[in-house]
Amino acid sequence: MPPLKQLPLLPLLASSLGAATAATPYNTFDGPGHPACNAVADVINATSVDEIVSLVADAAAAGTPVRASGKGHMWYDTMCADDPRTVVIRTEFVNGISDFELAEGAAAGSVLIEAGVTFFQLAEYLHARGASVGYTLVNWNITLAGSVAMGAHRSSLREDSMVAAGVEEVHVVDGKGELRVVARDEGSDEWLAASTSLGLLGVIARLKVKIYPDFKVYAKQET
């Protein structure tokens, strides 16, 4: 497997998507008047990992820019391209959860989630199975894949605070439209790049996430 850093940055869109339309803004989760990208040609709602792979593979051949977006929670335009031909692949509907592994009495396990899974969706799935991601949630409507791509973090001086710290594998559709699995290795440039890529190495299609037995949280607020 060639090093991830040697792969081309995500090239993008496919002729199979049809002719580009007039460029329009792509808004954040806050809606109209809050653009993440000022000019994109189209927004495609992918419905499966296979479809993401197909879109990017066709895009690589066509040379049309593509970017990926989850729920649109961002305050900056790092994910955007300057080219008004850019097409945004939204991952919201690619939200399967599988491969749950947490043996009885085990200290930790793992689960495989797709690109559009939000923290809330994962928390509900895990709670029904007596498990958790190991920390409480503040904003439920953010995808884990988007959080990893953009380097999102919690606030803690005692524990690893990056969302990516809880990820064991990143499954990314690279600039050639190939689905690659990058396993956690803190000494690898490939892992460090994939775990906070700003979306520039490809579309995160799946994550293997570390999970823990469910627990109760006690909060005490003093004024």
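Here, each number is a calculation from the coordinates, and none is a lab measurement. Predicted, not measured: the structure shown is a model, and the values here were computed from it. All Cβ positions, even for glycine, are placed from backbone atoms using ideal geometry, and neighbour counts span all protein chains on display.
How big is the dipole moment of the stretch 97-213 about its Cα centre under a simple scheme where the beta carbon of each Lys and Arg is +1, that of each Asp and Glu is -1, and everything else is neutral? Debye, nearest 20, please.
The calculated dipole for the stretch 97-213 is roughly 280 debye.
Working out 0.36 nm times the residue gap between Leu192 and Glu222, then minus their Cα-Cα distance, what length gain in nm do you get to one decimal?
6.9 nm
Sort 200-210, 52-62 for me by packing, meaning the mean count of neighbouring Cβ atoms within 10 Å per residue, highest on top.
With the highest mean Cβ count within 10 Å placed first, the list reads 200-210, 52-62.
Using only Cα atoms, locate the centre of the stretch 36-89 and the centre of the stretch 186-223, then give the distance between them in Å, rounded to an integer.
22
Give the aspartates and glutamates whose C-alpha is closer than 13 Å to that of Lys176, dropping any in the same chain fewer than 8 places away, or say none.
Asp58
If you stretched the chain out fully between His127 and Thr47, how much longer would it get, using 0.36 nm times the residue separation minus the C-alpha to C-alpha distance?
Additional length available on full extension: 26.3 nm.
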